[in-house]
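Undergrad: Handing you a structure now.
The values are calculated or read from the model by the stated rules, or taken from the named source; none is laboratory data. Keep in mind it's a predicted model, so treat the numbers as computed, not measured. With ideal geometry, Cβ positions are generated from the backbone for all residues, glycine too; neighbour counts draw on all protein chains shown. When the accessible area is computed, the model is the full protein with side chains, heavy atoms only, and any ligands, DNA or RNA have been set aside. Shrake-Rupley method; radii C 1.70, N 1.55, O 1.52, S 1.80 Å.
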Amino acid sequence: MESHSAKPAYEYQPTIIETRFLIERLAIQIALLRDELKRNWIECKRNPRKFLTCLIRQLLAHLKRFFIAPYVLRASSTAITAVTCLVVVVLLVERTASKPGNEPENADRAPEVVMLNVERVIPKDDSGFGKNGNGRVGLQSNKGEGSGVVRQSAQGGGGGGDRSPLPAQVGKVPPPSQVQAAIPIAPPINPPALPVAGIDIDPALWQDLKAPVYGDPMSKSEAPSKGPGTGGGIGSNEGLGIGDGRGPGFGPGNDGNTGGGTKSIGCCGSGGSVGEGYGSGGHGRLFSGNEVEQRARLLLKPEPQYTEEARRNQITGTVVLRVVFESSGEVVQIRAVRTLPFGLTERAIAAARQIKFAPAMKSGHPVSVHMQLEYNFNLY
């Protein structure tokens, strides 16, 4: 006889919870679980195959009841649909934001300059002969090509040595003089009253570099030596001058004066090199960042702006420049190591030229250091 008190399988049935403390009820459940495990373990040892078969059958029955329960399939399909819609919306937003013309207002701003030390010395600028190639010729600042009256480039050079196995020592260039003689290792302590022997160089391009010894200011060797050349000068070639040329002048040219090529007095050029610091303990040479006591300190770092062509073509990336932070406070010898098209490299170079900084210091003197600059161009 069918019972009228039977309830549908999934009708809500209230559960009466005991009023005991939670700890007590938890202890009871743990005890029941322990007893159940003991009984199952006995059954498993008695007949393992039958035990596993029953266990699998029970799991399948639980899964079947779960899937035939009301609203399970509907809830699962709703959740999958919601996640799919969310993924589609995110992809559409990203695609819309990446289209040209949809960049935020600050998209044309590049991040700040990143400065890194470059351990190897960059090549000297071949367009100049003087301190680090800053200006074409000469040791005197802002003196053009020389004292001539006709606009032309200064030319000439000199060399010498005494067949020493060591390279020519670093030092200052002897003063200009019509009297040429073998150059001593050290200048006289007391200036003589009579005209002193010196080298053949335009006085407008010479500067007293305040070094304790005569030598080649382009050299990096501090060992006492006049160099492997001959003739009584200091250098690697022949003559009464300084450098790797021939004659009584200074540099790679011939027959006197400086600038390369055959001797000629120049005039009215773009400016001579800066010579302060040469030969004074090596402060005139080019240093890397880990060789100085105080590194160059940035005061102003202008940021390059995107060009319209680069923005239209969605150009991103990094421009890498190698530069010299000059002891005089100028950024010189800018060389592009990694470039970007559509004018971005030119924008980075223009920004580098406007950098203001406090020079690096060594032994209390400002010195020149080679650095690497990275300008990152990103469209956000």
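Undergrad: With the requirement that a residue be closer than 14 Å to PRO304 by Cβ and surrounded by 15 or more Cβ atoms within 10 Å (Cβ to Cβ), what does the stretch 350-375 give you? I'd like the intermediate steps shown before the answer.
TA: Taking the stretch 350-375 and keeping what is closer than 14 Å to PRO304 by Cβ, we get 350-355, 373-375.
Hits for the stretch 350-375 are ALA351, ALA352, ILE355, LEU373, GLU374, TYR375.
Undergrad: I've got another one for you. Filter the stretch 145-181 for residues that are in a loop (DSSP other than H, G, I, E, B), hydrophobic (A, V, I, L, M, F, W, C) and farther than 19 Å from TRP206 by Cα and give the result.
TA: If the condition is that a residue be in a loop (DSSP other than H, G, I, E, B), hydrophobic (A, V, I, L, M, F, W, C) and farther than 19 Å from TRP206 by Cα, then LEU166, ALA168 are the ones that fit.
Undergrad: Right, here's the next one. Tell me which residues, restricted to the stretch 303-339, are without any contact (Cβ under 8 Å) to a residue 24 or more places away in the chain and over 16 Å from the mean Cα position of the chain (by Cα).
TA: Of everything in the stretch 303-339, just one residue is without any contact (Cβ under 8 Å) to a residue 24 or more places away in the chain and over 16 Å from the mean Cα position of the chain (by Cα), namely GLU308.
Undergrad: Sticking with this structure for a sec: So LEU379 clears everything in (1) open to solvent by less than 70 Å² (accessible area, probe 1.4 Å); (2) over 30 Å from GLU222 (Cα atoms); (3) within 18 Å of the chain's Cα centre (by Cα) except one condition, right? Which one?
TA: (3)
Let's see how each residue does on (1) under 30 Å from ALA348 (Cβ atoms); (2) part of a helix (DSSP H, G or I); (3) open to solvent by 90 Å² or more (accessible area, probe 1.4 Å); (4) modelled with pLDDT of 75 or more:
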{"site": "ARG57", "(1), (2), (3), (4)": "no, yes, yes, yes"}
{"site": "HIS62", "(1), (2), (3), (4)": "no, yes, yes, no"}
{"site": "PHE67", "(1), (2), (3), (4)": "no, yes, yes, no"}
{"site": "PRO70", "(1), (2), (3), (4)": "no, no, no, no"}
{"site": "ARG74", "(1), (2), (3), (4)": "no, yes, yes, no"}
{"site": "ILE80", "(1), (2), (3), (4)": "no, yes, yes, yes"}
{"site": "THR84", "(1), (2), (3), (4)": "no, yes, no, yes"}
{"site": "VAL89", "(1), (2), (3), (4)": "no, yes, no, yes"}
{"site": "ASN106", "(1), (2), (3), (4)": "yes, yes, no, no"}
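Undergrad: Just name the residue that is nearest to GLN152 (Cα to Cα) out of those in the stretch 227-254 that are open to solvent by 10 Å² or more (accessible area, probe 1.4 Å) and in contact with a Ser or Thr (Cβ under 6 Å, 6 or more places away or on another chain).
TA: If we filter the stretch 227-254 for residues that are open to solvent by 10 Å² or more (accessible area, probe 1.4 Å), which is where we start, we get 228, 230-232, 236-240, 244, 246-248, 252, 254.
Filter once more, keeping what is in contact with a Ser or Thr (Cβ under 6 Å, 6 or more places away or on another chain): 228, 238, 244, 254.
Numbers: PRO228: 33, GLU238: 26, ASP244: 23, ASN254: 17 Å.
Result: ASN254.
Undergrad: If you take the residues in the stretch 196-212 that are under 15 Å from ILE183 (Cα atoms) and not in a strand (DSSP E or B), which one is most open to solvent (accessible area, probe 1.4 Å)?
TA: Going through the stretch 196-212, the residues under 15 Å from ILE183 (Cα atoms) turn out to be 196-201, 211-212.
Then keep just the ones that are not in a strand (DSSP E or B); that gives 196-197, 200-201, 211-212.
Numbers: VAL196: 57, ALA197: 40, ASP200: 33, ILE201: 9, ALA211: 9, PRO212: 94 Å².
The extreme case among them is PRO212.
Undergrad: Please pick out the residue among GLY138, GLY215, GLY130 that is within 35 Å of the chain's Cα centre (by Cα), modelled with pLDDT of 85 or more, closer than 25 Å to HIS365 by Cβ and surrounded by 24 or more Cβ atoms within 10 Å (Cβ to Cβ).
TA: On the way: GLY138 fails: modelled with pLDDT of 85 or more; GLY130 fails: modelled with pLDDT of 85 or more.
Result of the check over GLY138, GLY215, GLY130: GLY215.
Undergrad: Tally the residues that are open to solvent by 70 Å² or more (accessible area, probe 1.4 Å) and either touching a His at 6+ places or on another chain (Cβ under 8 Å) or within 14 Å of ILE199 (Cβ to Cβ) (or both), restricting the search to the stretch 145-178.
TA: 1
Undergrad: Okay, next question. LYS362: modelled with pLDDT of 90 or more and over 16 Å from the mean Cα position of the chain (by Cα), yes or no?
TA: no
Undergrad: Another question, if that's okay. Out of all the residues in the stretch 228-262, which are β-branched (Val, Ile, Thr) and within 38 Å of the chain's Cα centre (by Cα)?
TA: If the condition is that a residue be β-branched (Val, Ile, Thr) and within 38 Å of the chain's Cα centre (by Cα), then ILE234, ILE242, THR258 are the ones that fit.
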